[in-house]
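Engineer: Please find one structure pasted underneath; my questions will follow.
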């Protein structure tokens, strides 16, 4: 019973958007943050500071690439993640990233 409650709570936290003609989920975890570090060549702490100070499109796209997946759990392509950002809007994407980073890393 406790596992079912945790699963429901986890599903409630997943952010979804409709873009590129699909329903997409955006979620991060420690493994995905490690992937972002590899892509950007920077540690997570530095990425978080950059997000707070002056987020670049390159950083936003890399994070979205790592966190976006479709209903089947397939990851969205790197270039496609940029198209999703353009469709949804930079501000909304930055808000989603902030919420996920806080959920995964804490405050």
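The numbers here are math on the coordinates, done by the rules we state, and not lab data. Source: prediction; values computed, not measured. Glycine gets a Cβ as well: all are built from the backbone with ideal geometry, and neighbour counts include every protein chain shown.
Engineer: Return 44, 102 ranked ascending by Cβ neighbour count within 10 Å, so the fewest neighbours appear first. Don't skip to the answer; put the middle values down first.
Structural biologist: Working: 44 16, 102 11.
Sorted ascending by nearby Cβ count, the order is 102, 44.
Engineer: Calculated from DSSP H runs of 4 or more alone, at -39500 (n - 2.57) each and per residue, what is the 222 nm mean residue ellipticity of the chain, nearest 500? Don't jump to the answer; show the numbers that get you there.
Structural biologist: Working: 6 runs with 71 residues, N = 107.
When only DSSP H runs of four or more count, the value is -20500 deg cm²/dmol.
Engineer: Tell me, 105, 28 in order of fewest to most beta-carbon neighbours within 10 Å?
Structural biologist: Values: 105 13, 28 21.
Neighbour counts put them in this order, fewest first: 105, 28.
Engineer: Right, another one. With a/c under 1.5 counting as rounded, go ahead and sort the chain into rounded, prolate or oblate using the C-alpha gyration tensor (a ≥ b ≥ c being the square roots of the eigenvalues; past the cut-off, prolate if a/b is larger than b/c, else oblate). Before the final figure, lay out each step's value.
Structural biologist: Values: a/c = 1.73, a/b = 1.20, b/c = 1.45.
It comes out oblate by the Cα gyration axes.
Engineer: Another one. Taking the beta-carbon count within 10 Å as an exposure proxy, list 96, 101 from fewest neighbours to most.
Structural biologist: Least crowded to most crowded, the residues run 101, 96.
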